[in-house]
Each structure stands twice: as structure tokens, then as C-alpha cells.
There are 2 protein chains.
Amino acid sequence: MDDLRDRLLAGERRALARAITLVESGRADHRAQTLQLLEGLKGPVAMADKPALRIGLSGTPGVGKSTFIEAFGMMLTAQGLKVAVLAVDPSSARSGGSILGDKTRMERLSRDKNAFIRPSPSQSHLGGVARRTREAIDLCEAAGFDVILIETVGVGQSETMVAEMCDLFMLLLAPAGGDELQGVKRGIMEMADILLINKADGELKRQAVRTCADYAGALRLLRKRPQDPEGFPKALTVSAVEEDGLEKAWEEMKTLAEWRRETGHFAGRRAEQARFWFEAEVRDGLLARLRAPSARQAMSALAQKVAEGKLSPGNAAQTMLADHLQT
Amino acid sequence: MDDLRDRLLAGERRALARAITLVESGRADHRAQTLQLLEGLKGPVAMADKPALRIGLSGTPGVGKSTFIEAFGMMLTAQGLKVAVLAVDPSSARSGGSILGDKTRMERLSRDKNAFIRPSPSQSHLGGVARRTREAIDLCEAAGFDVILIETVGVGQSETMVAEMCDLFMLLLAPAGGDELQGVKRGIMEMADILLINKADGELKRQAVRTCADYAGALRLLRKRPQDPEGFPKALTVSAVEEDGLEKAWEEMKTLAEWRRETGHFAGRRAEQARFWFEAEVRDGLLARLRAPSARQAMSALAQKVAEGKLSPGNAAQTMLADHLQT
């Protein structure tokens, strides 16, 4: 474990990959090793003064996320920055594979020696995916990556989860069809720090500019958040295909991060997130006791009695809690 | 307890009220008494062969729920049936009072000796409200009520919760403004057995009829569910104010319930629900261990260390689970 830690801290990619595999493992001994490894590293809160940026990126399928990440990542590595890309895709968790996280989506970036791409894990419950992603982020940060992009699809709870792991949260959008805004949920809008309207090229360019103006107008209607300087959250147009607007977007991200660092919101947010994940993990850990073989057996037997009307749900639950879930 | 049980089974209203108060109590000794009381009664599964009907009723504020329940309840009691009305209102749980459940809303029905009205409990978490309501339903059934109406507002999780406690689920709707359907969520539509378009009187009558036809069309597009005979779910117009369409609605409810009894779906559903609530209660019970004073103290101390970056969320969670949540 000491050896793995040293190699990880030296920025060795194979060590990072192995450490993430350890994090993703369901085995109890691997879990113990993971915790030992993480404790030997400076955590996210202690790292808040480092220049590493954790950037969440969400967007519905078809909006051009892979193309954007590849172009954006290549631009960053060209500046000498080390970039890690982690994917969170609940649908891949369901199918058992990882489609969106596939490296073949980002061929150029995956061959870049300053980039590290890790597909979505195939854990079946969101709690497991959350923990793996959060800890993988810590490992990437410890391995010296400057920018960590966490990609997620714009559906369900995964967005909220990713937003709770990031310093900045981006929403990638397509030019809207009419003069109406897309069906972006208010909650998602409120999480976003920067809206990126992609595909601002060719025939869609004018539409993208108009959509951007519409979103900018909508953002002005939201209440100002304490963690934002004047002018944020904001909307920008980008073209991942033409690699246009990416530098401007990166400048804005740096400006925002810098302001948050200076005002203490950056470190404050990381502390809040660590607390949030601690509490979530305690809850998950408690509920995980139900998955132990003996507990499952007892649950199943009691559920049968309940379904037959021989025992009330309340009494059966009390029996379960008192007799089978005490350790 | 034996005395309370006997009086409850004899249909004594004061005994029923006292038993529900016991169910709503947060005290451990009251909980033990409740479980003892419930175990001495025939549970919901065993009662599935009795004619008692549990009817869930949802609808957004302003749609006329109270007026409908009063008129519908009076019609039933006039037929000699005993009617219990329970309210589930998450907003009253938040405010600590019970506004929607207030008996003053249903003055006539509350004076009816064949009716029993119980306002929404003021428990703060939905799990507590769920348990109380579910157990109060069992008590009403044991006390010999023929129809148990469970009312909820058409927002949030409370609808899903109520649907998991009922034999039939009604959705009360207002006539739509245009030719478009109201923003009824697809999930709610799919839970409903009968849609009741209220206010089919005076100036709104024509509009109500049109809205009803629109909904009927929309219902035909949904996949047929195994628990429905031909023609269900269906949409009907009612006027709570003019007491029109109520008997027709009641006939439809009886027809549906009868079909489900004969086909085994009625008993099957109750068994499924009992199993569902058993599992939910085990989960709630596990998480309730976090609310014990010693656990809260430990959580708070560990969270502080996590927020300061002295301990990783994962390690802190492991400590919490191993050292403070073993009993």
C-alpha cells in the first residue's frame, strides 16, 4: 500500500489506474486497503489550496459531450496541464457495461500522455457509483492532475450527485429549436455555474447565439448566490467541432474558481461536500447491512409471513431490526 | 391493551381515536403497545376478503377535495355505510399543524355518527406519516368501517405513498382551461384507477365534459394493466357541489373492486403492499439509529473532523458504523 501510494503521488498512471480499480472493488479487503490508501493522502479539503479544479459537466445525450470533452481536454493538455476524465453514467451501471465512458469516444485525448480517461463503473447502486467517483477524484488529485472533468448524462439523480463533488458545474446545451428555452429543469439550472451552448457553428450558429441570449436572460432572473461574483452564473456559446470558444470558457472557469478561492467559498464548499458524503456514506453503510446473506434470508422469510397476513409489517420490521440487524 | 382492542373491534369511536393517538406517538412504550394492539387484530391481508374498501383520493389544492369527500361520504353514510376519512398532508407535517385535515372543512360529515374524520398527523418525516397512516387504516378496518378514504394533496411523494396503501386510487381533477390536458404527471395518471373531473356544474359543466373526454382518450393510450377489467382506468365527471355523479362513481368503484376480488388482484395487492411496507419500515428503522442522542453526538464530532480535512469521509463513515452503530 505504501508503494502504491508513493507511485500514485509520483503521478504514475498505472498506479492511479490500479488504485481506482481498488476503489471500485466490492471486496472487503480491497475496501480496507482503499481506506488506508486514502488516509495516507491529503484529502479534498486539505487540497483546496492547490490549483486542481474539479469540473462537473452535464448534458443530455446528443448535445456533444464527448466531442466537447475531447476538444476541451486537448486544449488544456496543450497548455501543459494534466487532465483526468471520469464518467458517471447510471445507464451503464444498469447495463453492466460502460458505453458512454468508453475511451473510443475520445480517441485523441485517450492517447494523450497528459490525459487520463476512466469509464463509468458498472456498480449497480447509485451510492456505490457516488463513492467510487468521489474517491477516484481524490486519487486523481493526489496523482497531480490539474483538471478533473466529471462527466454525467443530464438525467436523474446523477447530476445532483456530480454537482456535490465538483468545484465548478457546467451544463452543456444544444441550440434550442424555437425561441423557447429547452426543458432544462429549474433545479439543474440553479446548480450550474456556466451554461455552454454547444454547436455554435455552421447552420446552427445563429440559433446558438440566440439560445445563449435566452439563457443569459433566464439566469439573470435567478437569485444571486453567495458563491458567485458579479456576472455569474453565465451562458457562453462554444463549438466543440470547430474548437471555438473553448479558451474563453476556460478563462471564465478560472476567473470563477479564483474568486471562490479568494473569498473562501472554494475551501468552504469542499468542506461542506466532505461532510455531505460522510453522512451519505453512513446511511449507505447502515442500509448495506440488509444485503448481508443472513439478513437477506431473514428479510425474505419475514416478508413471506407478512405477505401471508401472519405478521403485521410493523411487528415483522421490529423482529428484523432487533434480531437480525444488531451487528 | 386487551380492553382497547375489544372496544376497537366493537367499533367504538373513542377507542379508535385513542388507538390512532397511540399509533402517532413517538414514545417507545406507546410503540410497543401499538405493535401489540396491531398483532391482536386481523391484518390488512387477512381482511382482504371483507367488504371494506380503502380508497385513495388525490388532487391539487383548489380542485374541491373537501367538498367532494363530504358529499361522497354523506352519500355513503346515507346508505348505511361507515366511512373513515384520513388525511395525508406533507405541508401540515412541515408547519406542525394540520390545516387540510381540519374537521371544520367537512362540517356535516364530521357530525355524522357513521363517519370518522382524522386530520393529518404532524410528524416531520414522511416515513413516520406513512407508518401512522398505514396503521390507522388497519385500525379503521378493524373497527368495522366499510369505506376508508385516504386523502392527499397532489404533490410530491405523498401520492405514491398513499397509492401503496389503497385498494383503489382516485384522482380528482378540475375542468381544463383549453383543449389541453392539465399538467398531470404521467406517473400519477398511471397510478389512478378512476379520474374524477369535478366541478361539472354551472358554467364549467361543458368544459368538464370536454376535459373528461380528453382524459378518457389519454387513458386509452396507456398500456392495459393486469389489475384492470375492460374499460378501466376510466374518467368520469362529478359535481361535488350539486352532488351529481357521485353514485355513478361509487358504482364504478364497486365494480372495479368486485372484479379485483374475484380475480385475486385485490388480495394480491394487499399482500404486495404489506411486503413493501415491511421493507420500508426496516430501512426506516435502521436509519432511525442515527437519530439516537449518542449517535448524533458521534456523527457531529466526526463530521467536524471531516470538514476540517482531518479524516476522509470514507474513514469517518467506517468509524461511525463500526464504533457507534453496532447496537
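The values are calculated or read from the model by the stated rules, or taken from the named source; none is laboratory data. Note that this is a predicted model, so its numbers are computed, not measured. Methodologically, a virtual Cβ is constructed for each residue, glycine included, from the backbone with ideal geometry; neighbour enumeration extends over all protein chains shown. What goes into the accessible areas is simple: the full protein's heavy atoms, side chains included, and nothing from ligands, DNA or RNA. Shrake-Rupley method; radii C 1.70, N 1.55, O 1.52, S 1.80 Å.
Compared with the direct C-alpha span, the chain from A:R27 to A:R291 gains 93.7 nm at full extension, assuming 0.36 nm per residue. Backbone amide hydrogens, once placed in the peptide plane, bring B:E151 within less than 5 Å of B:L57, B:L86, B:A87, B:V88, excluding anything fewer than 5 places away on its chain. On a per residue basis, chain B carries 44 Å² of accessible surface, using protein heavy atoms and a 1.4 Å probe. Applying 1/(1 + (r/R0)^6) with R0 = 51 Å to the Cβ-Cβ distance of B:A213 and B:D6 gives a FRET efficiency near 0.50. For the range B:291-327, a decrease in accessible area of 40 Å² or greater in the assembled protein chains relative to the isolated chain, with a 1.4 Å probe, applies to B:M299, B:A303, B:V306, B:A307, B:P313, B:G314, B:N315, B:A317, B:L321, B:Q326. Scalar couplings 3J(HN,Hα) for the range B:235-246, obtained by applying the Karplus form with A = 6.51, B = -1.76, C = 1.60 to θ = phi - 60°, are 10, 9, 9, 9, 10, 5, 5, 8, 6, 10, x, 6 Hz; x denotes Gly and Pro.
Each of B:A17 and B:R220 was given a label point 7 Å from its Cα along the Cα-to-Cβ line. The distance between the two points is 5.0 nm. Of all DSSP-defined beta bridges confined to chain A, some 5% are antiparallel rather than parallel.
For the range B:216-231, 3J(HN,Hα) computed residue by residue from phi via the Karplus equation (6.51, -1.76, 1.60; θ = phi - 60°) reads 4, x, 5, 5, 5, 7, 6, 5, 5, 9, x, 7, 10, x, 3, x Hz, glycine and proline entered as x.
Taking A:R220, A:R13, A:R210 in turn, the Gaussian network model of chain A (Cα-Cα springs below 10 Å) assigns the largest fluctuation to A:R220. Would you work out the relative contact order for the range A:173-326, in percent, from Cα pairs under 8 angstrom that are 6 or more residues apart? So the answer I get is 17 percent. What's the FRET efficiency of A:M75 with A:E262 using the Cβ-Cβ distance as r and R₀ = 35 Å, to the nearest 0.05? That gives a FRET efficiency of 0.90.
A Cβ-based charge dipole, computed about the Cα centre of the range B:186-316 with Lys and Arg at +1 and Asp and Glu at -1, lands at about 820 debye. Test of understanding: in a Gaussian network model of chain A with alpha carbons linked when under 10 Å, which of A:D167, A:D244, A:D138 would top the mean-square fluctuation ranking? Ranking A:D167, A:D244, A:D138 by mean-square fluctuation puts A:D244 first. Using just its DSSP H runs of length 4 or more, each adding -39500 (n - 2.57), the protein assembly as shown gives a mean residue ellipticity at 222 nm of -16000 deg cm²/dmol after division by all residues. Annotation for the range B:193-231 versus the range A:273-327: alpha-carbon center distance of 41 Å. Mean separation of Cα pairs under 8 Å and 6 or more residues apart, divided by the residue count, gives chain A a relative contact order of 18 percent. Here the range B:278-324 exposes an accessible surface that is 49 percent carbon and sulfur, computed with a 1.4 Å probe and the other protein chains kept in place.
Using a cut-off of 20 Å between alpha-carbon atoms, which lysines can reach B:K224, once sequence neighbours fewer than 8 places away in the same chain are excluded? Correct list for B:K224: B:K185, B:K234, B:K254.
Charged neighbours of A:P175, selected by a Cβ distance under 11 Å, balance to +1 (K, R count +1; D, E count -1). With a cut-off of 9 Å between beta carbons, the residues surrounding B:V83 carry a summed charge of -1, where Lys and Arg count +1 and Asp and Glu -1. Across the options A:G56, A:L37, A:F169, the greatest Cα extent toward the positive end of the charge dipole of the protein assembly as shown (unit charges at beta carbon of Lys, Arg, Asp, Glu) belongs to A:L37.
The interface between chain B and chain A buries about 3700 Å² of solvent-accessible area in total (1.4 Å probe, ligands and nucleic acids excluded). For the range A:256-304, a crude dipole built from +1 on the beta carbon of Lys and Arg and -1 on the beta carbon of Asp and Glu, taken about the Cα centre, is about 160 debye to the nearest 20. Of all DSSP bridge pairs formed entirely within the protein assembly as shown, close to 5 percent run antiparallel. Quickly work out the B:A322-to-B:L126 label distance, labels modelled 7 Å from Cα along the C-beta direction, and quote it in nm with one decimal. With each label point 7 Å from Cα toward Cβ, the separation is 3.4 nm. Scanning residues 5 or more positions from A:L173 or on other chains, those with amide H under 5 Å from its amide H are A:L196, A:I197, A:N198, with H placed 1.01 Å from N in the peptide plane.
Around the Cα centre of the range A:18-70, unit charges on the Cβ atoms of Lys, Arg, Asp and Glu (plus for the first two, minus for the last two) sum to a dipole of about 0 debye. A cut-off under 11 angstrom between Cβ atoms defines the neighbours of A:R289, and their net charge, with Lys, Arg +1 and Asp, Glu -1, is +3. What the phi angles of the range B:257-264 give under the Karplus curve with 6.51, -1.76 and 1.60, with θ = phi - 60°, is a coupling list of 4, 4, 4, 5, 5, 5, 8, x Hz, glycine and proline written as x. Would you please name the trypsin sites (Lys or Arg not before Pro) within the range B:27-72 that are DSSP coil residues with at most 11 other C-beta atoms within 10 Å of their C-beta? Counting only loop positions with at most 11 other Cβ atoms within 10 Å, the trypsin sites (Lys or Arg not before Pro) in the range B:27-72 are B:R27. Here's how it looks for B:A240: its modeled amide H is under 5 Å from those of B:K199, B:A200, which are all 5 or more places away or on a different chain.
For the residues B:L173, B:L37, B:L286, a GNM of chain B with alpha-carbon springs under 10 Å puts the largest fluctuation on B:L286.
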